[in-house]
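Worksheet: one structure, shown below.
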Amino acid sequence: MKVLKLKKHYLKDYLNVLRNWGEVYGPVKQEDKYIYGLLDDLDKLDTRMLRTILPAKKFLVPPRFSTFTFKDHSYEPELNNLPNRVVFGVHPCEIHGIVILDKFFLERFPDPYYGERRRRTAILGLSCVPDDKCFAKSTNTHFAEFGFDLAFNDLDDFYLVWVGSSLGDDLIRLKLELFDEEIKQSDLQKYMEWRAWRDTQYKLNLDLTAMPDIMELNYESPLWEKLGDKCLACGACSMVCPTCPCYNVQDQIRPNKTEGKRERLWDSCMYKQFALVAGGHNFREKRSQRVRLWYTHKLKAFITEFGKAACVGCGRCIDTCPVEINVKTVVSELKGGK
Amino acid sequence: MSDNIYLPEPMRIVRRYDLTEDVRFFQVRPVDMERALKLSYLPGQFMMVSIAGVGEAPFSISSTPSRPGLIEFGIRKVGVLTEQLFKLKENEIIGVRGPFGNGFPVDKFKNKDIIIVVGGLGAVPLRSLLLYCLDNRDQFGKIYFLYGARRPAEMLFRREFLELKQRDDLYCYLTVDKDDTGRWTENIGVVTTLFKKLTNIDPENTYVTVCGPPVMYKFVIDEIIKLGIPKHQILMTLERRMHCGVGKCGHCVIGSIYTCIDGPVFSYWDVIHMKDLI
């Protein structure tokens, strides 16, 4: 992989140049949290952020978008005119989340909407230092070797910049003179030390070994009823999870009744109507069944399907769930703790 | 068809009539004739039917691919979309995507005996299989068709199935829970009462397919197990909420599988193995 150096004070200059390629988004402070916001003013950029409220999936699968417009009986897909976008500040765990979404959306029955947005979105990774809610080391997603276009590793006064794709290389060439192509022995040393130090910074460590078996053995456990009693079925866990892909479909129609659009909206399997069919039968009427499905899908089903759990250890569920149902507490209870 | 798997294809309603009080037969055809003749599918597959501006839902195909050109559905008026579908007349256009799902493994059925067990609305997908087997009669062993409805008026395709009784290459057994007409000449009782007619079954050489209301499965499967048929040769087709048909929207998920792409046809072994299927 091609690796370059960028002096830290050049970062904003470089992001400014990237505006020639597309809209530039990055971490922006919003009250006491962070979001991926449009960097129309580069001074909004705040690289101290740890996790944004919504993950970068919102760029690849927007919370609500039109799949096609219709007029009488002709359908026009809404795939043209999607903007090029640069998303800066994507942490390694989230890059792993994107790799999981790639598998989900692009392998079996490729989804053109995801594919087109993915193609037009440059992922610019940024290294991070964990807080007490991060457990990416436990999910082995604390470093990303692929899945990004560029990855910026913060080493005090400069970034080590990894070029991960042909698009990433194009983006570097937009302002090559800002970068230093010579990596010295001392830089390597610094990087090695940083990696070793960062590894020691994970305060939350979960043993996720054998989770599929543990889930299976707990299938009839009263634990699910207990969690179901607590769960508010608000669906926030699904919204903030970097790997939750489920969606609903709704038609919007103009008053003339012959024109309109078919939209996709984020959905959550925690919602009561999720498995409700016409005629009134609900295949997952109980909250306990829905909580169990969410965790089965994250910690077991994805391993069956893609060989890897769909949890990347970002800590958003820990940060978000108002009643403390999250991967940390559920895994602990599944294993007999508390 | 477009390569965008989410774009419906315009199809014209060529025929429609009521099968029962609340179930209507729809025969549709892609507007483009060439496409209509090429459209291929397997018995047990489903399609996503939509009215632009109203919505989209999955429906089992009731016709057989051995009679190309027209696609048939049996649709119960049960929700917002179906209510609007019932308002449509011949020559009106609907949107259709598919076919989706695994369908019945008809290749594995070759030279085997087939028992088709139906309850109520389950006749819609299993009619596809029955007609397919009859159209390719030389490829299969004995064929048994067992269908139970609540009352004679609720039996889908009643006349068609009664006519099948005239054939000598098929065992066709029909039953109703209750005869409120006084003119029913077939069996009276739930569908499991037909199992006594199944004699000299060669279990290893037999596939059973089941579709019906959820309450039916347990009793029917008990009877099939008594016949000694291996669990992986007992197949059923299931219903779930679906918005995509291609394993993306997540609504039909059950444990590690998506009903729309891994099903809707599952074996009884799958049911035991995967939990929550039925």
Residues satisfying the stated conditions in segment A:290-305, i.e. farther than 17 Å from B:C252 by Cβ and among the β-branched types (V, I, T):
A:V291, A:I303
Which residue, of A:D40, A:D13, is farther than 30 Å from A:S238 by Cα and either part of a strand (DSSP E or B) or acidic (D, E) (or both)?
A:D13
Quick check: is even one residue across segment B:41-63 in contact with a Gly (Cβ under 9 Å, 6 or more places away or on another chain) and more than 25 Å from B:H251 (Cα to Cα)?
no
When the residues of segment A:239-260 are filtered to those that are over 21 Å from the mean Cα position of the chain (by Cα) and more than 9 Å from chain B (Cβ to nearest Cβ), which remaining residue is surrounded by the fewest Cβ atoms within 10 Å (Cβ to Cβ)?
A:P255
Filter segment A:45-73 down to the residues that are under 14 Å from A:Y25 (Cα atoms) and among the hydroxyl-bearing types (S, T, Y), then identify the one that is nearest to the chain's Cα centre (by Cα).
A:T52
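Please enumerate the residues belonging to segment B:243-253 that are among the aliphatic types (A, V, I, L, M) and modelled with pLDDT of 95 or more.
The initial filter retains those residues of segment B:243-253 that are among the aliphatic types (A, V, I, L, M), namely B:246, B:253.
Residue satisfying the conditions is B:V246 alone.
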What do you reckon, is A:V61 within 14 Å of A:P242 (Cα to Cα), within 12 Å of chain B (Cβ to nearest Cβ) and at pLDDT 95 or above?
yes
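Sort through A:L188, A:L204 and tell me the only one that's assigned to a loop (DSSP other than H, G, I, E, B) and over 18 Å from A:L126 (Cβ atoms).
Values: A:L188 fails: assigned to a loop (DSSP other than H, G, I, E, B).
After applying the criteria, what remains is A:L204.
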Of all residues making up segment B:30-60, the number that are of a type outside the set (D, E), within 14 Å of chain A (Cβ to nearest Cβ) and surrounded by 15 or more Cβ atoms within 10 Å (Cβ to Cβ)
14
Looking at (1) within 12 Å of chain A (Cβ to nearest Cβ); (2) out of contact with any Pro (no Cβ under 7 Å at 6 or more places or on another chain); (3) crowded, with 22+ Cβ neighbours inside 10 Å, find the lone condition where B:V80 falls short.
(3)
Of all residues making up segment A:268-298, the number that are outside any helix (DSSP H, G or I) and more than 7 Å from chain B (Cβ to nearest Cβ)
9
In segment A:105-119, residue nearest to the other protein chains (Cβ to nearest Cβ) [restricted to those that are farther than 12 Å from A:L79 by Cα and of a type in the set (F, W, Y)]
A:F109
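The values are calculated or read from the model by the stated rules, or taken from the named source; none is laboratory data. Quantities reported herein were computed from a predicted structural model and do not represent experimental measurements. When we count neighbours, we look across all protein chains shown, and the Cβ atoms used for this are built from the backbone with ideal geometry, even at glycine.
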